[in-house]
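All remarks here apply to the structure that follows.
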Amino acid sequence: GCLMSDCRIVLVAPHQLYLVEDAVMKHLKPAIDLAHGRHSVETASYSIKEGHHQLWAAVDGDSIIGALVTYVEHYPLLKMLNYLWIGGDRLDDWNTQMLETLDKFAKENDCSGAEVCGRYGWKKYMEKFGWQTEYIICQRMFDDDVVEEKRDAA
């Protein structure tokens, strides 16, 4: 693994995305592909370029070994830093540093905390760091045939 001094977590500025896009999207694509069509690599890139989402890169020397995308969720009474997608190599080498960096960012941006709405893998993973699983998200995806029938009936 990389030593703490070798690994660093970098917030990628929207106008600098083009410099690292291929490297970070390689790590994020598997997670984005699990979003059931909510997002694609293209929509994720657009959201980062527009400043709606933050892109964090885990860097070891000259190599990008992982990435995470966040956004600040504005609720009526508070803000939360929301984790969207994570991916990369040697996660155990940089996950603690990533979480510390994101907590600092969240506090600097007046967030009351951090949250993730995702697959069950997040539960086991984040509970190691003191997170609590408070909710689950249930979903039912309609297949195209059902949607077509509804459109025809309308």
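The values are calculated or read from the model by the stated rules, or taken from the named source; none is laboratory data. Just so it is clear, the model here is predicted, and its values are computed rather than measured. A quick note on method: Cβ atoms are made from the backbone with ideal geometry, for glycine too, and the neighbour counts reach across all protein chains shown. What goes into the accessible areas is simple: the full protein's heavy atoms, side chains included, and nothing from ligands, DNA or RNA. Shrake-Rupley method; radii C 1.70, N 1.55, O 1.52, S 1.80 Å.
Where does the charge balance sit around Ala106 when Lys and Arg score +1, Asp and Glu -1, over other residues with C-beta under 13 Å from its C-beta? Taking every Cβ under 13 Å from that of Ala106, the sum is -3.
Give the calculated FRET efficiency between Glu42 and Tyr120 to the nearest 0.05, with a Förster radius of 30 Å applied to their Cβ-Cβ distance. Intermediate values should be presented prior to the final figure.
Details: r = 27 Å, r/R0 = 0.89.
Calculated value: 0.65.
In the assembled protein chains, Ser63 presents an accessible area of approximately 60 Å² (probe radius 1.4 Å). With contacts taken as Cα pairs under 8 Å at a separation of at least 6 residues, the chain carries a relative contact order of 21 percent.
As a fraction of the 1.4 Å probe accessible area of the chain, surface on carbon and sulfur atoms comes out at 52 percent.
Given a 1.4 Å probe and the protein chains as shown, Met141 ends up with an accessible area of around 100 Å².
Of Glu50, Glu134, Glu100, the residue with the greatest mean-square motion in the GNM of the chain, using alpha carbon springs below 10 Å, is Glu134.
The residues of the chain expose, per residue, 65 Å² of accessible area to a 1.4 Å probe. Against the longest principal axis of the chain, how steep is helix 144-153, in degrees 0 to 90 to the nearest 10, with axes from Cα atoms? Helix 144-153 and the main axis of the chain meet at about 40 degrees. Using a simple spin-label model with pseudo-atoms 7 Å out from Cα toward Cβ, Ile137 and Leu11 lie 2.3 nm apart. Can you give me the Kirkwood hydrodynamic radius for region 1-74, using every pair of distinct Cα atoms, in Å to one decimal? Evaluated on region 1-74, it is 12.8 Å.
Extents of the chain, taken as max minus min of Cα coordinates on every principal axis and listed largest first, are 62, 34, 28 Å. Region 4-51 and region 98-117 have Cα centres separated by 18 Å.
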